1. Could you please find all residues in the stretch 231-244 being more than 16 Å from the ligand (Cβ to nearest atom) and surrounded by 18 or more Cβ atoms within 10 Å (Cβ to Cβ)?
2. What number of residues in the stretch 19-33 are under 16 Å from the mean Cα position of the chain (by Cα) and in a helix (DSSP H, G or I)?
3. Give Asn39, Asn109 a once-over and let me know the one that is polar (S, T, N, Q) and at pLDDT 90 or above.
4. Taking Thr78 as the residue in question, decide whether it is at pLDDT below 90, away from the ligand (no atom under 16 Å from the Cβ) and among the hydroxyl-bearing types (Ser, Thr, Tyr).
5. If Gln35 passes every condition in (1) without any contact (Cβ under 8 Å) to a residue 60 or more places away in the chain; (2) of a type outside the set (Phe, Trp, Tyr); (3) crowded, with 20+ Cβ neighbours inside 10 Å but one, which one does it miss?
6. Which of the numbered conditions does Thr65 fail, given that it passes all the others? Conditions: (1) surrounded by 14 or more Cβ atoms within 10 Å (Cβ to Cβ); (2) touching a helix residue (DSSP H, G or I) at 6+ places or on another chain (Cβ under 9 Å).
7. Scanning the stretch 41-60 for residues that are crowded, with 18+ Cβ neighbours inside 10 Å and not β-branched (Val, Ile, Thr), which turns out farthest from the ligand (Cβ to nearest atom)?
Amino acid sequence: ARAQAMQVDGSPDVTYDDIGGLDEQIQEVREAVEQPLINAEQFRTVGIEPPSGVLLHGPPGTGKTMLAKAVANETDATFIKMAGSELVQKFIGEGARLVRDLFELASENEPAVIFIDEIDAIASKRTESKTSGDAEVQRTMMQLLSEMDGFDDRGEIRIIAATNRFDMLDRAILRPGRFDRLIEVPKPNWDGRERILEIHTEGMNLADDVDLAELASETEGFSGAELASLATEAGMFAIRDERTEIRREDFENALEKVEEDDDTAGTPIA
Ligand code: ATP
């Protein structure tokens, strides 16, 4: 179970340059996670504790996982990922033990970045969790808090959690010494969208009539993940048409398709 619940990646290949529109967030992550990892001695000399845990919050598909992977990559740290939802859905009754294993695995693989995705699954406000597994979820969260509280020298292990339901979180996990550094990861603005489109079309064979700035204007409200799939869809249209070059019309078709998919997803089931 341990192997399934945790994904270990010795050297993730995401770099800061692969992330578009999040310059401030990258700066904050570097300060809170990277500096203490590569410069633990400086924190000791100055006599301050680095932030314990960093919480990334924002809509789905905006680059939270990428940020965590990039910081692990840039510091040559092992990246260990655990999904909160899996802890409560797939490994019922094992949550607390898996959290213990997670920290053990990290200390065997220092320096390490622990990434807990969907932390809301194990750390929601009590009043809002109505599932029968309540007590078990509670135990899992208590174990996480005690692992974090019990950390003396966190120099070599850093913890990053992510959520897209910030307001559902139990405030206990935000106390000093726990996830005490909050970083908001929003959907990209126009500049961000243009940059993300550039990143995702970099290796693509684009025709001259493709205008990424214009596409950035046409994709207001898109997340990074949605922009990435727009680029892939455009490529699919070119392939269907047996072309090797992606044209403006492919992007227009892709936009229509992505928006249609969106409409279907948003339709309430009667
Ligand atoms: P979730 O909350 O759904 O887990 P997330 O915020 O962790 O989402 P990621 O997994 O980091 O999102 O992003 C999913 C994919 O979307 C990435 O692999 C990448 O292709 C693309 N993407 C998202 N955000 C960005 C961005 N800011 N720059 C470039 N690509 C992005």
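The values are calculated or read from the model by the stated rules, or taken from the named source; none is laboratory data. Because the structure is predicted, anything quoted here is derived from the model rather than measured. With ideal geometry, Cβ positions are generated from the backbone for all residues, glycine too; neighbour counts draw on all protein chains shown. Each accessible area value is taken on the protein alone, full model and side chains, heavy atoms only, with ligands, DNA and RNA left out. Shrake-Rupley method; radii C 1.70, N 1.55, O 1.52, S 1.80 Å.
1. Residues satisfying the conditions are Phe237, Ala238.
2. From the stretch 19-33, those under 16 Å from the mean Cα position of the chain (by Cα) are 19-30, 32-33; that's our starting set.
Among the residues that remain, those that are also in a helix (DSSP H, G or I) are: 23-30, 32-33.
So the count comes out to 10.
3. Working: Asn39 fails: at pLDDT 90 or above.
Answer to the selection: Asn109.
4. Values: at pLDDT below 90: no; away from the ligand (no atom under 16 Å from the Cβ): yes; among the hydroxyl-bearing types (Ser, Thr, Tyr): yes.
No: the conditions fail for Thr78.
5. For Gln35, the exception is condition (3).
6. Condition not satisfied by Thr65: (2).
7. Here is the first cut: in the stretch 41-60, the ones crowded, with 18+ Cβ neighbours inside 10 Å are 50-58.
With the extra rule that they be not β-branched (Val, Ile, Thr), the set shrinks to 50-53, 55-58.
On the way: Pro50: 23, Pro51: 20, Ser52: 21, Gly53: 16, Leu55: 13, Leu56: 7, His57: 9, Gly58: 7 Å.
Here the residue is Pro50.
Per-residue answers, yes or no, for (1) open to solvent by 50 Å² or more (accessible area, probe 1.4 Å); (2) in contact with a Cys (Cβ under 7 Å, 6 or more places away or on another chain); (3) closer than 16 Å to Glu118 by Cα; (4) within 13 Å of the ligand (Cβ to nearest atom):
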position: Gly150; (1), (2), (3), (4): yes, no, no, no
position: Gly177; (1), (2), (3), (4): no, no, no, no
position: Leu182; (1), (2), (3), (4): yes, no, yes, no
position: Lys187; (1), (2), (3), (4): yes, no, no, yes
